[in-house]
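J.: What follows is a single structure, and I will ask about it in a moment.
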Amino acid sequence: MKGDCIAAISTAPAAGGVAIIRISGKEALAVAGKVFSPSGKKSVSDFAPRYMYSGNINAAGGITDFGLCVYFRAPHSFTGEDVVELHCHGGVELSRAVLKAVIAAGARPAKAGEFTMRAFLNGKISLSAAEGLADMINGKSAAEVRAGSLLYSGRLTDEAKLIQGALTDILAKIGADVDYPEEDIERTELSDIKDALLALKARTERLAATYDGGKKIKNGVSVAICGRPNAGKSSLLNALLGYDRAIVSASAGTTRDVVEGCLELDGIRYNFYDTAGIREQAGEIEQLGIERAKLALKSADVALIVYEGEYGEEERGLERCCLCPVIKVRNKRDLSDKAGGEEDIFISALTGEGVEQLKRMLSAVAMPHGSADEAFIIEERHYEALGRASLALGSAAAATCDFPADIISVDLKEAWDALGEITGETATEEIIDTIFSKFCVGK
Ligand code: GDP
């Protein structure tokens with residue numbers, strides 16, 4: 001039985017009000033009964049599910065705590081198995097001592113993500129919902145947590161299943177034609193099937209397109225700050241962040257490497273890269289910095305080209321290096337506020353004038369579709385699976401013109417399997433292991 005029953009501290013390993021030790025498996029209640037002594041004459045075996053009972057928790061090392069115990073009977077629990085939670089006071093050593101007693105009583109330590117893995121294997125949550133849960137737990141911005149919670153709610157799984165359902169129907173029709181060609185079965189109109197497949201392909205692509213915003217939610221929006229030396233790039237980074245992150249100096253060539261800083265705007269993380277000023281007469285080290293600046297420009301989601309006075313050839317050269325939207329930021333407005341005409345925005349990094357407006361402009365350029373709630377593909381894995389599904393649907397639709405039905409069904413199965421990697425039906429052991437390794441012990 002020892003292998004069946006797992007236990008772990010589910011709360012963070014830090015001092016706090018309460019710590020929770022979770023036990024899952026057939027023997028969970030019996031194991032808890034060896035550690036928990038309910039107040040009054042009750043026994044753990046009399047516990048009604050989902051009720052909290054108070055009592056003594058007999059931890060290892062002769063420690064006794066007064067706490068709570070709750071029992072969730074299978075299948076109505078997170079893992080789908082019998083689950084018991086012991087709520088003790090939130091001391092790091094105390095919760096470890098409780099876990100030690102639970103292990104001595106017959107449970108084994110859970111591996112990272114093992115509770116969630118059991119929830120998946122017992123059909124309590126889909127694979128993409130489990131990934132959403134990991135995103136919620138590990139999320140570094142409010143938008144990422146929100147997107148994770150949408151994934152956890154099963155919205156993506158529902159959508160993938162809907163498309164799979166339609167494919168199953170088409171496969172069944174085609175299957176009938178292939179298996180019983182000479183019987184009196186109504187012949188499937190291949191042109192109807194083609195239309196249906198193209199509609200499903202479009203639906204899959206719409207879903208995949210949300211990844212454009214989704215990956216920015218997940219990884220943050222990367223913003224390269226570039227321009228000539230002394231244009232005020234480092235000053236702008238500091239003004240955006242609200243503290244002195246980069247060295248500001250009147251001597252050109254001070255920023256030789258890429259300096260990073262992070263800021264949250266409307267719940268979305270923005271990673272700024274203050275790059276070395278690009279100029280002709282740079283020394284060897286500065287030149288290396290310039291090469292890195294060009295790389296940062298190529299991988300940026302948005303580039304801020306900072307300049308003073310005229311928007312000239314150097315700035316236009318930088319613009320040509322960019323594969324992303326550009327905001328032309330004219331700086332040093334406090335020295336002269338005469339409009340130049342080419343700028344998207346005219347600011348002063350020194351006084352802060354226009355910096356808030358620039359943040360709003362940046363947000364509108366980086367996330368043109370606004371609400372993070374709409375972008376619910378945040379995992380690259382899902383994006384790739386949808387891409388494969390869409391390709392297979394396209395080739396199935398094309399095959400309706402020339403090929404026999406059994407050829408079409410090969411493409412349809414490929415599309416179905418690709419979607420199954422999202423729901424979990426066709427995910428390999430390797431994919432499943434990678435996903436659950438993202439969790440901490442206790443989840
Ligand atoms: P970088 O080389 O582009 O990173 O430029 P820095 O941020 O190091 O700034 C170069 C010089 O310009 C410094 O002396 C800054 O104090 C100054 N500077 C930056 N922004 C402004 C501004 O808006 N107004 C004024 N008057 N000076 C600025």
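J.: Across the range 318-336, what is the number of residues that are within 16 Å of the ligand (Cβ to nearest atom) and open to solvent by less than 70 Å² (accessible area, probe 1.4 Å)?
T.: Residues that pass the stated criteria total 8.
J.: Identify the single condition in (1) among the acidic types (Asp, Glu); (2) modelled with pLDDT of 90 or more; (3) more than 16 Å from the ligand (Cβ to nearest atom) that Glu374 does not satisfy, given that it satisfies every other one.
T.: (2)
J.: Still on this structure, please answer the following. From the list Arg388, Arg381, which residue is away from the ligand (no atom under 16 Å from the Cβ), among the charged types (D, E, K, R) and at pLDDT 95 or above? First the steps, then the outcome.
T.: Working: Arg381 fails: at pLDDT 95 or above.
None of the other options fit; the residue is Arg388.
J.: Could you grab me the full set of residues in the range 408-440 that are open to solvent by 10 Å² or more (accessible area, probe 1.4 Å), farther than 19 Å from Gly148 by Cα and touching a Lys or Arg at 6+ places or on another chain (Cβ under 8 Å)?
T.: Residue satisfying the conditions is Glu414 alone.
J.: Go through Leu171, Leu151 for me and flag whichever is closer than 30 Å to Cys262 by Cα, at pLDDT below 90 and assigned to a helix (DSSP H, G or I).
T.: Within the list Leu171, Leu151, the selection yields Leu151.
J.: Would you call Leu304 among the hydrophobic types (A, V, I, L, M, F, W, C), more than 10 Å from the ligand (Cβ to nearest atom) and either assigned to a loop (DSSP other than H, G, I, E, B) or surrounded by fewer than 17 Cβ atoms within 10 Å (Cβ to Cβ) (or both)?
T.: no
J.: Also, quick follow-up: Right, Ser222: within 30 Å of Gly387 (Cβ to Cβ) and either modelled with pLDDT of 90 or more or not in a loop (DSSP other than H, G, I, E, B) (or both) or not?
T.: yes
J.: Mind checking whether some residue in the range 242-252 is more than 13 Å from the ligand (Cβ to nearest atom), over 30 Å from Ala166 (Cα atoms) and at pLDDT 85 or above?
T.: Checked against the condition, which is being more than 13 Å from the ligand (Cβ to nearest atom), over 30 Å from Ala166 (Cα atoms) and at pLDDT 85 or above, the range 242-252 yields at least one hit.
J.: A further question on this structure: Assess whether Glu342 counts as being within 18 Å of the chain's Cα centre (by Cα) and either open to solvent by 30 Å² or more (accessible area, probe 1.4 Å) or not polar (S, T, N, Q) (or both).
T.: no
J.: Could you say whether any residue in the range 27-36 is open to solvent by less than 20 Å² (accessible area, probe 1.4 Å) and modelled with pLDDT under 95?
T.: No, the range 27-36 contains no residue that is open to solvent by less than 20 Å² (accessible area, probe 1.4 Å) and modelled with pLDDT under 95.
J.: Now a separate question. Of the residues that sit in the range 52-79 and are open to solvent by 10 Å² or more (accessible area, probe 1.4 Å) and in contact with a Cys (Cβ under 7 Å, 6 or more places away or on another chain), which one is nearest to Ile103 (Cα to Cα)?
T.: Top of the filtered list is Asp65.
J.: If you check every pair at least six apart or on different chains, which have Cβ atoms under 6 Å apart with a residue in the range 225-236 that is within 6 Å of the ligand (Cβ to nearest atom) first and a residue that is open to solvent by 30 Å² or more (accessible area, probe 1.4 Å) and part of a loop (DSSP other than H, G, I, E, B) second?
T.: Qualifying pairs under 6 Å: Pro229/Ala252; Pro229/Arg279; Asn230/Ala252; Ser234/Val248; Ser235/Val248.
J.: If you check Leu99 against the conditions, is it open to solvent by less than 10 Å² (accessible area, probe 1.4 Å), touching a helix residue (DSSP H, G or I) at 6+ places or on another chain (Cβ under 9 Å) and not small (Gly, Ala, Ser)?
T.: no
The values are calculated or read from the model by the stated rules, or taken from the named source; none is laboratory data. Just so you know, these numbers come straight off a predicted model, no measurement behind them. Cβ sites come from the backbone with ideal geometry, for glycine too, and all protein chains shown count toward neighbours. All accessible areas refer to the heavy atoms of the entire protein, side chains included, with ligands and DNA or RNA removed. Shrake-Rupley method; radii C 1.70, N 1.55, O 1.52, S 1.80 Å.
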